[in-house]
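The values are calculated or read from the model by the stated rules, or taken from the named source; none is laboratory data. All figures in this text were calculated on a predicted structure; none of them were measured in a lab. With ideal geometry, Cβ positions are generated from the backbone for all residues, glycine too; neighbour counts draw on all protein chains shown.
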C-alpha cells in the first residue's frame, strides 16, 4: 500500500503516460486504430518468421502451406479470442447485450481463447495436409511471441490493462486512473513477447523431439503471464478469484502443466520422427 505521507515525493518520480491517439489514421468516416494495426503487425511477424524458417530450416511446410496456415490462424485468433473473452470474462454481460459481441473494435479479446482457436485451426490444417499436429505446432510456436508483443503494445497505446498501484520509480499515471500504476502491458510485452521469443526461437534452432518446442512455449507463456498478473490490476467485474489469483492466472496454470507434460512425453519418446500423420 502507498503511504499517504510519500504521495508528494512519489508524484515527482512517476512516469506520465504519453497519451497516444488510439486512432492511427483518419480517412473521412473511416478510422484505422492502432490496436487493429498491431494485429496486422502480429500476423506479419508470423509470415516473415515462418518464411525464414522454411528457407533456412526446411521442414513439413511449404511457403504455400504457410499462407494457408496463416489464414486458418487468423480466423482462429479472432474467433477464439473473442469467444474466449465472452465465455471466460463477461458471459452475463454479453448474454444481456448480444449485439455487443460484434463490436471487437471496443476491445475484449482473450489470449487463452485465441490460443484455443489457434489450436483448433492448426488441427484442421494438419488434418487437411495429412501432417502430424505437433509437427505443425512446433513450427508455429516460435513464430507467435513477437506477435504477442505487438498486441501488448496495442494495449499500451489504448491505455488499457494497466497494473496495480506502485511506488516504484517507473510507476506510470494513466489517464483517469488514480495513483501511479505498474505499466503491466510493457512487462507483458517484454516477458511474453521478447524474452519468450528469444527462448523458444533459440530452442527451436536445433532438432528437438516432436512436441518439445510447443511444450516450451506453453510453459514459457504460462509462467510469464502468471508472474505479470501479480502486478496487473484485476478486471473490475471479476476481481481476484480463489486463493487470491486472477482469471488470467487460473487460465495460465493449465498451460504450464500441459507444457510440462508435453516436454516430458517428447523427451521420453525421443527422436523427431516423420512429420506425416
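Below is a table of values for the structure above.
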quantity: Test set (1) in a loop (DSSP other than H, G, I, E, B); (2) closer than 27 Å to residue 61 by Cβ; (3) at pLDDT 95 or above - residue 230 fails condition number; calculated: (2)
quantity: Qualifying positions in the range 89-115 - part of a helix (DSSP H, G or I) and buried (at least 18 other Cβ atoms within 10 Å of the Cβ); calculated: 94, 111, 112, 113, 114, 115
quantity: Residue check, residue 213 in contact (Cβ under 8 Å) with a residue 40 or more places away in the chain and closer than 21 Å to residue 49 by Cβ; calculated: yes
quantity: Residue list for the range 239-271, filter: over 19 Å from residue 133 (Cβ atoms) and surrounded by 20 or more Cβ atoms within 10 Å (Cβ to Cβ); calculated: 246, 248, 249, 251, 252
quantity: Residue pairs meeting the criteria (Cβ under 7 Å; at least 6 apart or on separate chains; first closer than 23 Å to residue 174 by Cα, in the range 18-33; second modelled with pLDDT of 85 or more and loosely packed, with under 10 Cβ neighbours inside 10 Å); calculated: 19/175
quantity: Selection within the range 60-87 - part of a loop (DSSP other than H, G, I, E, B) and crowded, with 16+ Cβ neighbours inside 10 Å; calculated: 60, 61
quantity: Lone qualifier among 175, 183, 165 - being touching a residue at least 12 places away in the same chain (Cβ under 8 Å), touching a strand residue (DSSP E or B) at 6+ places or on another chain (Cβ under 7 Å) and under 14 Å from residue 19 (Cα atoms); calculated: 183
quantity: Near pairs, Cβ below 8 angstrom, 6+ apart or cross-chain, from the range 147-160 (farther than 19 Å from residue 114 by Cα) to any residue that is in a helix (DSSP H, G or I) and at pLDDT below 95; calculated: 157/34; 157/35; 157/38; 158/34; 158/35
quantity: Lone qualifier among 111, 125 - being over 18 Å from the mean Cα position of the chain (by Cα) and under 22 Å from residue 142 (Cβ atoms); calculated: 125
quantity: Residue in the range 36-47 that is modelled with pLDDT under 90 and either out of contact with any strand residue (DSSP E or B) (no Cβ under 8 Å at 6 or more places or on another chain) or under 29 Å from residue 233 (Cα atoms) (or both) present; calculated: yes
quantity: Lone unmet requirement of (1) over 21 Å from residue 222 (Cα atoms); (2) without any contact (Cβ under 8 Å) to a residue 60 or more places away in the chain for residue 83; calculated: (1)
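This table checks each residue for (1) closer than 27 Å to residue 33 by Cα; (2) modelled with pLDDT of 95 or more.
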{"site": "114", "(1), (2)": "yes, no"}
{"site": "120", "(1), (2)": "no, yes"}
{"site": "125", "(1), (2)": "no, yes"}
{"site": "130", "(1), (2)": "no, no"}
{"site": "136", "(1), (2)": "no, yes"}
{"site": "148", "(1), (2)": "yes, yes"}
{"site": "157", "(1), (2)": "yes, no"}
